[in-house]
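The values are calculated or read from the model by the stated rules, or taken from the named source; none is laboratory data. These numbers come from a predicted model, not from an experiment. When we count neighbours, we look across all protein chains shown, and the Cβ atoms used for this are built from the backbone with ideal geometry, even at glycine. The protein model used for the area step is the full one, side chains on, heavy atoms only, and it has no ligands, DNA or RNA in it. Shrake-Rupley method; radii C 1.70, N 1.55, O 1.52, S 1.80 Å.
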Amino acid sequence: SALVIAFYQYRISQIRERESIPANLNRRIAAAKMEALRSQMNPHFIFNCLQAIQSFIARNERDAAVRYLARFAKLIRLTLHGSVDGRHTLAEEMSMLENYLFLEQMRFKGSLSFDIQTAPGVDPESVSLPPMLVQPFVENAIIHGLRDRENGHVDIAFGLRNGSLEVTVSDNGMGFADTSATET
């Protein structure tokens, strides 16, 4: 009877352990989803947006604060929507980029201009991609490419190459210095 009781307790502990795995797995999945959302919306960018809104309010620029807040809310909504689905259309990505660039344009007091284009044959409603895929490259162009530039401009072009979506982000910044010079 001691063997039967030991075996019974062993089986009960196995079943309890197996049942606890999904709860642990669900926690890990939820943590991974939160990490993915955090990586889509850079916390530094969110802080800068809130600081810009605060600045508009402090300078009593009510209309600018309202416009900025409306664009920021739309960008957050689109980001959260994309994080649930995991994919969205190119049209939604372009809308997110437009909102992001509009916010940056207001923050830099109009010294930034931008253009977002699609090549002929690209249907923004039928192409899908992960959300906020292009935004980090655009942010990099603004932060590093247009630093110390009074009239910065960013171009974003979507095209097709060999059946795949091709994205080009360019700016009118200085570019990289040629560091490949050799000594003689």
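Could you say whether any residue in the range 134-147 is assigned to a strand (DSSP E or B) and open to solvent by 60 Å² or more (accessible area, probe 1.4 Å)? No - not one qualifying residue is present in the range 134-147. Considered as a group, the residues in the range 82-133 that are assigned to a helix (DSSP H, G or I) and charged (D, E, K, R) include one that is nearest to residue 66 (Cα to Cα), and that residue is 107.
Each row is one residue, and each column tells you yes or no for (1) of a type in the set (Lys, Arg); (2) surrounded by fewer than 17 Cβ atoms within 10 Å (Cβ to Cβ); (3) without any contact (Cβ under 8 Å) to a residue 40 or more places away in the chain.
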{"residue": "114", "(1), (2), (3)": "no, no, no"}
{"residue": "132", "(1), (2), (3)": "no, no, no"}
{"residue": "159", "(1), (2), (3)": "no, yes, no"}
{"residue": "174", "(1), (2), (3)": "no, yes, yes"}
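Would you confirm, using the coordinates I've provided, whether residue 123 is at pLDDT 90 or above and open to solvent by 10 Å² or more (accessible area, probe 1.4 Å)? Walk me through it before giving the result.
Details: at pLDDT 90 or above: yes; open to solvent by 10 Å² or more (accessible area, probe 1.4 Å): yes.
Spelling it out, residue 123 is indeed at pLDDT 90 or above and open to solvent by 10 Å² or more (accessible area, probe 1.4 Å).
Could you list, in sequence order, all residues of the range 94-112 that are open to solvent by 50 Å² or more (accessible area, probe 1.4 Å) and at pLDDT 90 or above? The answer is 98, and nothing else.
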